[in-house]
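Where a number appears in this text, it was derived from the coordinates with a stated rule and is not lab data. Predicted model, so just to flag it, every value in this text is computed and none were measured. Here Cβ is always computed from backbone atoms with ideal geometry, including for glycine, and neighbour counts include all displayed protein chains.
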Amino acid sequence: MTNISPEDRRNIAQPDKPLAILSLIWSGAMFGFFFAWTCSTMWGLDAADPNVAIAAMQAMNDSVRNWLFAPAFFGTPVLLAFAAAVASRRRQRNVAICLALAGLLYVVGAMLPTFMVNVPLNEELAMLEVPLDPAAAQDAWRSYSGPWQDWNMVRTVAAGVVLALTGWGLVNFS
């Protein structure tokens, strides 16, 4: 039987690492989600017939509200806040600050643009009935895709920084 120090027992009983790892996984999932839209999905839709792009985007927007996406999207800042609180309780000030900043950045840089820009654009697009005449479809898609992609890039960069901060926090958790 090995001797386990009181500090090691305390560390084993703490949910620090699993919580930080789950925060990292969900941060990574959200970065990957936004990144995939940036570098493939929207570019592919831009290359498609605008009527097809509009119908496809309407279908994707309808499908994203699901039981698998919601916990990662809404749970990421909650997990980060809990991980920051645990780090703070363990007197790991720099880790706590890093994780708290990651959670705050996620809310400001990913969630707020989603609710203030991307979702309203999606709702406006949902009102269109396709097929439209080619010129109207082209105008509708162009006025949607440009702003949507600009704000998705904001979400992507923010989520990437959140992932980096979370990874740094996990590496420095002791």
> What residues from the range 62-88 fall in the zone where the backbone N is under 20 Å from a label point 7 Å along the Cα-to-C-beta line of Phe115?
Replying inline: 62, 64-82
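Restricting to DSSP H runs of at least four residues, report the calculated mean residue ellipticity at 222 nm for the chain, -39500 (n - 2.57) per run over all residues, nearest 500 deg cm²/dmol.
For the chain, the value works out to -25000 deg cm²/dmol.
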> Could the peptides 18-27, 116-125, 92-101 be put in order, highest first, of the mean number of other beta-carbon atoms found within 10 Å of their residues?
Replying inline: 18-27, 92-101, 116-125
>> Here are labelled values, [x] -0.62, -0.97, -1.12, -1.19; [y] -0.74, -1.17, -1.28, -1.33; [z] -0.56, -1.09, -1.31, -1.40, and one is the computed log10 I(q)/I(0) by the Debye sum over Cα atoms at q = 0.12, 0.17, 0.19, 0.20 Å⁻¹ for what I pasted. Which one?
In response: [x]
> Can you list the HN-Hα couplings for the range 33-43, worked out from phi with the Karplus curve (6.51, -1.76, 1.60; θ = phi - 60°), rounded to whole Hz and with x for Gly and Pro?
Replying inline: 4, 5, 5, 4, 5, 5, 9, 8, 4, 5, 5
>> What whole-number distance in Å separates the alpha-carbon centres of the range 63-100 and the range 113-174?
In response: 22 Å
>> Below 14 angstrom from the Cβ of Ala126, what's the summed charge of the other residues (Lys, Arg +1; Asp, Glu -1)?
In response: -3
> Sorted by mean Cβ packing within 10 Å, highest first, what order do the peptides 58-70, 150-162 take?
Replying inline: 150-162, 58-70
>> Modelling each spin label as a point 7 Å along the Cα-to-Cβ direction, I'd like the Trp151/Phe74 distance in nm, to one decimal.
In response: 2.0 nm
